[in-house]
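A.B. asks: Take this structure, written in structure tokens, and hold onto it; I'll ask about it next.
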Amino acid sequence: MGLVLSRLKFAKYKTKADKKIFTFISDTIEEGYSLIEPKAVYEIFEAAIKAGEVRFPEAKLVIKSPALAKRLKGAQKAALFACTIGGDLADKVNGYVAKGEIARATVLDAVGSEAAEALADRIDDAIKAKAKEEGYAAVARFSPGYGDWTIFDQAKILKILRSGKIGVKATKSYIMVPEKSVTACIGLIKRGQRPIRKVYEKNINPTKK
Amino acid sequence: MKKILTRLKNEVLIYDGALGTVLQETGALKAGACPEELNLSRPDLIRSIHLDYIKAGADIIETNSFGGSRIKLAAYGLENDAERINYEAARIARAAAASSGAYVAGSVGPLDRQITPLGDLSFDEAVKIFEDQIRALKKGGCDLIILETFADIKELKAAFIAARHVAGEIPVQAQMTFEGGERSTYGTSPSAFAVLFNSLGSDIIGTNCSTGSKELIKAIKEIRPYTNRFISCQPNAGLPELRNGRTYFPESPKSFAKYAVEFAKLGVNLIGGCCGTTPEHINELKSVLKNRKPARGKYVPAFRLSSRTKVVELNAKTRPLIIGERINPTGKKDLQEEIRNGKTTIIRREAIEETKKGADILDVNVGVPGCREQETIVSAVEAVQAVSEAPISIDSANPLAIEEALKEVAGKPLINSVNGEEEKINSVLPLAKKYGAAILVLTLDKCGIPKDAKARVKIAARIINKAAALGIPREDMIIDPLTLAISAKPEQAKETLNAIKTLKKRGFPSSLGVSNVSFGLPNRRKINADFFSLALAFGLDLAIINPSDDNMFRVAKQKKKRKTTDAEIKKFLKAALSPVEEVAKKKLEVKPGEHKDVKTRLKEAVLYGDKENIVSYIEEALSNGIAPLEINSRILIPALEIVGEKFGKREYFLPQVILSAEAVQRAFGRLKKEIKPGEEEDKGTIVIATVEGDIHDIGKNIVISVLGNHGYKILDLGRSVPADTIIKEAVKNKADIIGLSALMTTTMIQMERVIRELKKKGLNFKTMVGGAVVTGAFAKEIGASAYARDAIEAVNIVKSLMKERR
């Protein structure tokens, strides 16, 4: 609720809203829950970082973005992911607009944005956990549109991830459909080799036959 | 050699410790290499570790095959060696154990690829992959199969079903790992895990890995009351710490063994170690647990269901359990339509709503003629599980659909239903056994519903006996003696109620679809509630009802004491069948603030966005003789201005502004009928569009809704509108201002195009731009007349632009 409110320009100590508004918003959030169908896809690639660009040889992808290259500095691998909350929510928003219920549409749209953001965080966590298992540390995620990374690359990422299977496409103007979808890249840095300390050394003698 | 399960009755057995961390220690396992591959390249090494553990006192050793599934091996390019690797794993362990009589447990770990809906692997594929691995382990020689360190209960279920299928009589041990001893990564609690695997018939239920012994004590305490199976526990040697750049497991063998004694006291039958434990830990375990008799845990059989995260139990406190009946397309056109289109929006909404109202179990029925129920029920179950923690009741007449749903469910569900027909019994009972489900038994058979209570109980008894023969415990059976409409056969109420009483005496819980009783009668809600309270007095345990009916919940909570006599039943029938015409006493609605002056009320209606009442206030003002234009300019517009100010001071936030605008729109709609053409002032025309390529138009819609109340003529061209169309429409409608919206950096360049075209054509419309990524600087750069940050600012800008125009 808090996140949705602040997205709707709610100021904690200034805004005064009555119970009716809060009920209206919490009802809409609940409605939003039933319209969300989260799906995601990710893949981890080898990544080569050079001045101002990041190469993914396996995926035959080159991203020219000094900002991304800086963020991924030191990474040997990078995960690309796409996620979406599905198209039902956007359809409903448009339905409300058509009926002239702009307030409800606006709140529901904000719910969708927050849900997509929260979903991206979840995928982020999943990739981090996976990376940790394999001895990598993950850096904060970066999306097309941040800094100098052009959103034209969104379409390329979607293609590599075959995002059609989760129902995400890019339009000719490089907008993702359904609207509430996110693509991003997460750099993975190999952690230092940390051998396990031989605490109980004397008991382990593997050469003993 | 004695069978392991026989020995467990009288002994606490010791498992070995870690293999993986010990292998890393030896240096034979290079970083990034496959531990299971060592079964082929270094069998001597693996064997020596097994021997170390046996020497230290392990009664059971685990094969080096934790990551031996085809999927995990594929990460090292070893998928084609999967069979050999697993076979060798078992063979090496078997050879090492030969002289000591230690048992060999075939170790199976998670696949590392998630099953739907968490991932893209299907349940059936997962079962197949586990089967391949377990088959090879069995061939190499195992005394039991251990499924360990699972975090997703559905994946563990797949592994278990594979193990039962392939391993046959070999005992199966199922273990999950719980973070902090409380929840698995995907939210499963130890109790929810225990309930499902007790029902699935796992021989040993337990937990391993996690953060250390202390946390696992919590998990064991939670598992204990929910199972009568043997319990196992293999903790890590504490939580790994980084010291001087090295991973270090802090728990010493002494303290590890101290906890082990506590485990034994809690009733754990098998104790060993996971990551970080060594033969010294096991040696210490052996010395403290030697000759220890297992403690008996207390297990009370009860009807229990579970979801991925939660257990629902029938007991004196929870009785009656409520099964929500709303996810059922019978008589619901919109739900039928949705199911036909393969959507689940209504299903999810109903699931949320029913859970919120307090339903304990959600019935899922998606039987629509002409639809493949096997597919629709899977997506329905998936949708319900995504939004609700309540366990599921699978409601279908089609055994194929039931089986697909059983695979999808991440807990112990109820199957609704089986009846006395042989065909049904033979198809549904084995499914309940295989997937660990409870069953709702309808007391009818080929001949229909028996007239009297006795015959109904007889059918129930027959089905219960068949189930018992398959190994389904009686506490997993719920009997529904069936409610009939009293409008047709009033005497049937007595039979139903007496059947409940008899079942209760014999120790069987009962369930009813309560609302059937009032079919065809007026005042159904009252009759339902009355019958429900009577049925509860007779001993009803579960009720299938509509959770939105608050009356029923009231009855369920009250648990009113009523006599269970024939006289009481007669009283109920009389009340139900001779309905008093209910006099419709319509309360005159007194609206709050009625005493206030209508002008004040109108103003407040705008300030608080009261869409519902504003039109009636307008009517009132008009009938009081206030001129339409005065209402507009003296009341509505000033009130809107206050809203704008409040937004500027951040006292109001976006929804309040829009709701006010919507209220005023309704007021205008009414006022327009009063204002004669010509009397209306022409304040100017605005054409608004979201530019080509952009489909985000929520911002544009907000602007229109706010701007719409200030007397301008507004043309909304919609979204993704080409520059040519925008210009054409502006010319055609003699617009004063063109408003352009764009949300993306890729589409905002279209704004520039529109303005360039305008200049080229020598058209001097004013232009106003806005949208998430648009800035004042950008507006200036492309030569727009103005940039509006938000809808309120747009109102002021339009005002001044119009002034410039006229």
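A.B. asks: Would you point out the residue of region B:19-37, among those that are over 20 Å from B:Gln133 (Cβ atoms) and more than 10 Å from chain A (Cβ to nearest Cβ), that is surrounded by the fewest Cβ atoms within 10 Å (Cβ to Cβ)?
C.D. replies: Per the stated criteria, the residue is B:Lys30.
A.B. asks: A follow-up question, please. Please enumerate the residues belonging to region A:25-36 that are at the interface with chain B (Cβ under 7 Å from one of its Cβ atoms), open to solvent by less than 60 Å² (accessible area, probe 1.4 Å) and either within 17 Å of B:Tyr608 (Cβ to Cβ) or of a type outside the set (S, T, N, Q) (or both).
C.D. replies: A:Ile25, A:Glu30, A:Leu35
A.B. asks: Out of B:Ile478, B:Ile527, B:Ile544, B:Ile486, I need the residue that is open to solvent by 20 Å² or more (accessible area, probe 1.4 Å) and among the β-branched types (Val, Ile, Thr). Which one?
C.D. replies: Selected residue: B:Ile544, the only one of B:Ile478, B:Ile527, B:Ile544, B:Ile486 that is open to solvent by 20 Å² or more (accessible area, probe 1.4 Å) and among the β-branched types (Val, Ile, Thr).
A.B. asks: A further question on this structure: Quick check on A:Val177: is it facing chain B (nearest Cβ under 8 Å) and modelled with pLDDT of 85 or more?
C.D. replies: Taking the combined requirement at face value, the residue satisfies it.
A.B. asks: From B:Glu404, B:Glu382, grab the single residue that is farther than 20 Å from B:Glu337 by Cβ and within 19 Å of the chain's Cα centre (by Cα).
C.D. replies: The conditions single out B:Glu404.
A.B. asks: Can I ask one more? Can you name the helices (runs of 4 or more DSSP H) wholly within region B:617-734 that have at least 1 residues being under 19 Å from A:Lys9 (Cβ atoms), more than 9 Å from every other protein chain (Cβ to nearest Cβ) and free of Cβ contacts under 8 Å to residues at least 12 places away in the same chain? Give the steps one after another, and end with the answer.
C.D. replies: On the way: elements: B:637-648, B:654-672, B:698-707, B:723-732.
In region B:617-734, B:637-648 are the helices (runs of 4 or more DSSP H) which contain 1 or more residues that are under 19 Å from A:Lys9 (Cβ atoms), more than 9 Å from every other protein chain (Cβ to nearest Cβ) and free of Cβ contacts under 8 Å to residues at least 12 places away in the same chain.
A.B. asks: Still on this structure: Residues A:Ala138, A:Ala129: which one is open to solvent by 10 Å² or more (accessible area, probe 1.4 Å), in contact with a Gly (Cβ under 8 Å, 6 or more places away or on another chain) and over 30 Å from B:Gly609 (Cβ atoms)?
C.D. replies: A:Ala138
A.B. asks: For B:Lys2, state whether it is out of contact with any Phe, Trp or Tyr (no Cβ under 6 Å at 6 or more places or on another chain), of a type in the set (Lys, Arg), open to solvent by 60 Å² or more (accessible area, probe 1.4 Å) and at pLDDT below 95.
C.D. replies: Against the criterion (out of contact with any Phe, Trp or Tyr (no Cβ under 6 Å at 6 or more places or on another chain), of a type in the set (Lys, Arg), open to solvent by 60 Å² or more (accessible area, probe 1.4 Å) and at pLDDT below 95), B:Lys2 qualifies.
A.B. asks: Only one of (1) at pLDDT below 85; (2) among the β-branched types (Val, Ile, Thr); (3) surrounded by fewer than 22 Cβ atoms within 10 Å (Cβ to Cβ) is not met by B:Thr685, so which one is it?
C.D. replies: (1)
A.B. asks: Output the residues belonging to region A:107-129 that are within 12 Å of A:Gly32 (Cβ to Cβ) and at the interface with chain B (Cβ under 10 Å from one of its Cβ atoms).
C.D. replies: Passing the criteria: A:Val107, A:Leu108, A:Asp109, A:Ala110, A:Gly112, A:Ser113.
A.B. asks: When you go through B:Ala237, B:Ala167, B:Ala260 one by one, which is the residue that is closer than 27 Å to B:Ala136 by Cβ and more than 29 Å from the chain's Cα centre (by Cα)?
C.D. replies: None of the other options fit; the residue is B:Ala167.
A.B. asks: Could I ask something else about it? Pull up region B:38-75, narrow it to residues that are more than 12 Å from chain A (Cβ to nearest Cβ) and surrounded by fewer than 18 Cβ atoms within 10 Å (Cβ to Cβ), then point me to the one that is farthest from B:Glu284 (Cα to Cα).
C.D. replies: B:Ala74
A.B. asks: Looking only at region B:272-323, filter to residues that are among the polar types (S, T, N, Q) and within 23 Å of the chain's Cα centre (by Cα); which one of those is nearest to B:Lys559 (Cα to Cα)?
C.D. replies: The residue in question is B:Thr318.
A.B. asks: Right, something else. Return the total of residues in region B:714-734 being at pLDDT below 90 and at negative phi.
C.D. replies: Step one: list which residues in region B:714-734 are at pLDDT below 90, which gives B:718-720.
Next cut, at negative phi only: B:719.
The qualifying residues number 1.
A.B. asks: Here's another thing I want to ask about it. Name the pairs: first residue in region B:333-354 and more than 11 Å from every other protein chain (Cβ to nearest Cβ) and more than 12 Å from B:Gln385 (Cα to Cα), second residue open to solvent by less than 90 Å² (accessible area, probe 1.4 Å) and among the basic types (Lys, Arg), Cβ to Cβ under 7 Å, at least 6 apart or on different chains?
C.D. replies: Listed by first residue and then by second, the contacts come to B:Glu354/B:Arg326.
A.B. asks: Would you be able to tell me the number of residues in region B:511-551 that are at pLDDT 85 or above and in a loop (DSSP other than H, G, I, E, B)?
C.D. replies: 7
A.B. asks: Just name the residue that is most open to solvent (accessible area, probe 1.4 Å) out of those in region B:446-463 that are assigned to a loop (DSSP other than H, G, I, E, B) and in contact with a helix residue (DSSP H, G or I) (Cβ under 8 Å, 6 or more places away or on another chain).
C.D. replies: B:Lys451
A.B. asks: Next question. Would you say B:Leu156 is open to solvent by 50 Å² or more (accessible area, probe 1.4 Å), among the aliphatic types (A, V, I, L, M) and not in a strand (DSSP E or B)? I'd like the intermediate steps shown before the answer.
C.D. replies: Values: open to solvent by 50 Å² or more (accessible area, probe 1.4 Å): no; among the aliphatic types (A, V, I, L, M): yes; not in a strand (DSSP E or B): yes.
The answer is no for B:Leu156.
A.B. asks: Quick check on my filter: what residues within region B:280-289 are open to solvent by 50 Å² or more (accessible area, probe 1.4 Å) and without any contact (Cβ under 8 Å) to a residue 40 or more places away in the chain? Spell out the reasoning first.
C.D. replies: First pass over region B:280-289, keeping only residues open to solvent by 50 Å² or more (accessible area, probe 1.4 Å): B:283, B:286-288.
Of everything in region B:280-289, just one residue is open to solvent by 50 Å² or more (accessible area, probe 1.4 Å) and without any contact (Cβ under 8 Å) to a residue 40 or more places away in the chain, namely B:Val288.
A.B. asks: Could you identify the single residue in A:Lys99, A:Lys9, A:Lys39 that is more than 30 Å from A:Gly147 (Cα to Cα), within 11 Å of another protein chain (Cβ to nearest Cβ), charged (D, E, K, R) and open to solvent by 20 Å² or more (accessible area, probe 1.4 Å)?
C.D. replies: Working: A:Lys9 fails: more than 30 Å from A:Gly147 (Cα to Cα); A:Lys39 fails: more than 30 Å from A:Gly147 (Cα to Cα).
Answer to the selection: A:Lys99.
A.B. asks: Still on this structure, please answer the following. Within region B:166-284, considering only strands (runs of 3 or more DSSP E) that don't extend past its boundaries, which have at least 1 residues that are within 14 Å of chain A (Cβ to nearest Cβ)?
C.D. replies: The strands (runs of 3 or more DSSP E) meeting that bar are B:204-209, B:241-243, B:246-248.
A.B. asks: Give me a count of the residues in region A:42-83 that are of a type in the set (A, V, I, L, M), open to solvent by less than 70 Å² (accessible area, probe 1.4 Å) and over 30 Å from A:Ala110 (Cβ atoms).
C.D. replies: 13
A.B. asks: Take A:Asp148 and tell me if it is within 12 Å of another protein chain (Cβ to nearest Cβ), outside any loop (DSSP other than H, G, I, E, B) and out of contact with any strand residue (DSSP E or B) (no Cβ under 6 Å at 6 or more places or on another chain).
C.D. replies: Spelling it out, it is not the case that A:Asp148 is within 12 Å of another protein chain (Cβ to nearest Cβ), outside any loop (DSSP other than H, G, I, E, B) and out of contact with any strand residue (DSSP E or B) (no Cβ under 6 Å at 6 or more places or on another chain).
A.B. asks: On to the next question. Scan region A:144-196 for residues that are surrounded by fewer than 23 Cβ atoms within 10 Å (Cβ to Cβ), β-branched (Val, Ile, Thr) and within 14 Å of B:Met744 (Cβ to Cβ) and report the count.
C.D. replies: 5
The values are calculated or read from the model by the stated rules, or taken from the named source; none is laboratory data. Just so we're clear, the structure is a prediction, and the values are computed from it rather than from any experiment. So basically every Cβ, Gly included, is an ideal-geometry build from the backbone, and we count neighbours across all protein chains shown. What goes into the accessible areas is simple: the full protein's heavy atoms, side chains included, and nothing from ligands, DNA or RNA. Shrake-Rupley method; radii C 1.70, N 1.55, O 1.52, S 1.80 Å.
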